[in-house]
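Taken together, the values in this text are just the output of simple stated rules run on the coordinates, not laboratory data. Note that this is a predicted model, so its numbers are computed, not measured. Heads up, the Cβs are rebuilt from the backbone with ideal geometry, glycines too, and the neighbour counts pull from every protein chain shown.
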Amino acid sequence: MNRLSGKKILVISLALLALWIVVALVSLNIGSVSIPIRTALRLLSARLTGSSSGDDPLETVLFSVRLPRVLLGSLVGAALALAGTAFQSLLRNPLADPYVLGVSTGASMGTILYSLFTGWVGFAAISGTVVYARPLAAFLGAVLTVGAVYVIAGGSSRSGESSQRLLLAGIVLASFLSSINVFLLTSTNQADLRGIFYWLIGDLSRPVDASIYPVTLLVLVGFFMLYLLSHSLNLIGMGEDDALILGIEVRRVKTGVYIMASLITGAVVSVSGPIAYIGLICPHMGRMMFGSDNRILFPTVFIFGAIFTLLADTVARTILSPAELPVGIITALCGAPLFIYLLHRKGGKP
């Protein structure tokens, strides 16, 4: 493995962060009500310094609608891109992705079951800390799905064959769980079905509630833990036997990566729904630009995922204005052709 300086990682990350700021400002400007970038900066500065008068109607649009959506989209995109990078590195397969492996669908099922349960027993009427359990339910759904994929795929003595079996098992299980999700939703209030089905496609338009705080914390903890495992993951990618010789605890690292990737996937799916193919597109583009070293790939793809999701959500909000599309439709339109291209070009092998 080539030596990689911390300075190079920092410079590239800061450059991508600057690009994210530009994209975020543009996204704040675009919509049914235009907010010029200069005005947005003035309002943001006034809010930060405490000099805001609260009389400007654009301020309400900016801080109640646009800014929460930009921050939510950035968080969701960053988390799904990071999870996709971790799964692809671990399975050594560019087709691995939280959505393809069924992890996102399992997380959405956990969220639906939790919502139905709280509605049936009356917890929905209780304000306070109940919403903090939703990310946990999504995480449990994601972890159980990963376990089920492993059981369905069975074992294999060859890593390439094992990777293929896991992908096929994930695709089949995701289809099965999607059917169960639709079945579960038939018991909900008909008036809520449109919003729920939008959420199942992947939607950022739903109001942000208090669950965003534990979700953000879980994503940041997951990123930190995955980055700590990035060098070990590099060595495992060169061969598990070689990694064992070099003193890497392969089983512990693999278990940690699966848990952390499932954790951040479940956390963001609980608030945005299972947005497709972000975890496929962003790692692929990241490897094209920065190489396959996870020490630089994890932080750069994390930011690149935020940028890509903001761009996709901006298109979803404006392409049929004043109507809005779920962001999952735009990411699927981008990701499905890439999936087919990778499948035919590499046969699912790195």
Fill in the blank from the handout: Taking Cα atoms only, helix 294-318 is inclined relative to the longest principal axis of the chain by an angle, in degrees rounded to 10, of 40 degrees
Exercise for the section: Treating only the Cβ atoms of Lys and Arg (+1) and Asp and Glu (-1) as charged, compute the dipole magnitude of the chain about its Cα centre; round to the nearest 20 debye. Expected result: 660 debye
Practice task
Starting from the amide H of residue 248, placed 1.01 Å from N in the peptide plane, find each other amide H under 5 Å away whose residue is 5 or more places distant or on another chain.
Solution key: none
Fill in the blank from the handout: Largest fluctuation, 310, 72, 25 only, Gaussian network model of the chain with Cα springs under 10 angstrom, belongs to 25
Practice task
Scan around residue 239 for amide H atoms under 5 Å from its own, H built in the peptide plane at 1.01 Å from N, and keep only partners 5 or more places away or cross-chain.
Solution key: none
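Which whole-number percent gives the relative contact order of the chain, counting Cα pairs below 8 Å spaced six or more residues apart? Each step should come with its number before you reach the end.
On the way: 503 pairs, mean separation 110.1, N = 350.
RCO, the chain: 31 percent.
What does the charge count around residue 325 come to, taking other residues whose C-beta lies under 12 Å from its C-beta (Lys +1, Arg +1, Asp -1, Glu -1)? Please list the in-between numbers first.
Values: positive: 317; negative: 203, 313, 324.
With Lys, Arg at +1 and Asp, Glu at -1, the net is -2.
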Exercise for the section: Could you state the angle between the C-alpha long axis of helix 327-346 and the longest principal axis of the C-alpha atoms of the chain, as a value from 0 to 90 degrees rounded to the nearest 10? Expected result: 20 degrees
Completion exercise
Summed over the other residues with a beta carbon less than 15 angstrom from that of residue 63, with K and R at +1 and D and E at -1, the charge totals +1
Completion exercise
By the C-alpha gyration tensor axes a ≥ b ≥ c (rounded if a/c is under 1.5, else prolate when a/b exceeds b/c, else oblate), the shape of the range 258-350 is prolate
Fill in the blank from the handout: Expected sort for 211-217, 104-110 on mean C-beta neighbours within 10 Å, highest first, is 104-110, 211-217
Problem - Nearest 10 degrees, 0 to 90: helix 133-153 Cα axis against the chain principal axis - result: 30 degrees
Practice task
Report, largest value first, the span of the C-alpha coordinates of the chain along each principal axis, in whole Å.
Solution key: 66, 52, 38
Exercise for the section: Convert each backbone phi in the range 92-101 into a coupling constant with the Karplus relation 6.51 cos²θ - 1.76 cosθ + 1.60 (shift: θ = phi - 60°), then list the ³J(HN,Hα) values in order as whole Hz, x for Gly and Pro. Expected result: 6, 9, x, 8, 5, 6, x, 6, 5, 6
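Tally Lys/Arg at +1 and Asp/Glu at -1 over every other residue whose Cβ is under 13 Å from the Cβ of residue 43; what's the total? Write out the running numbers ahead of the final one.
Numbers: positive: 38, 42, 47, 66; negative: 55, 56, 59.
With Lys, Arg at +1 and Asp, Glu at -1, the neighbours total +1.
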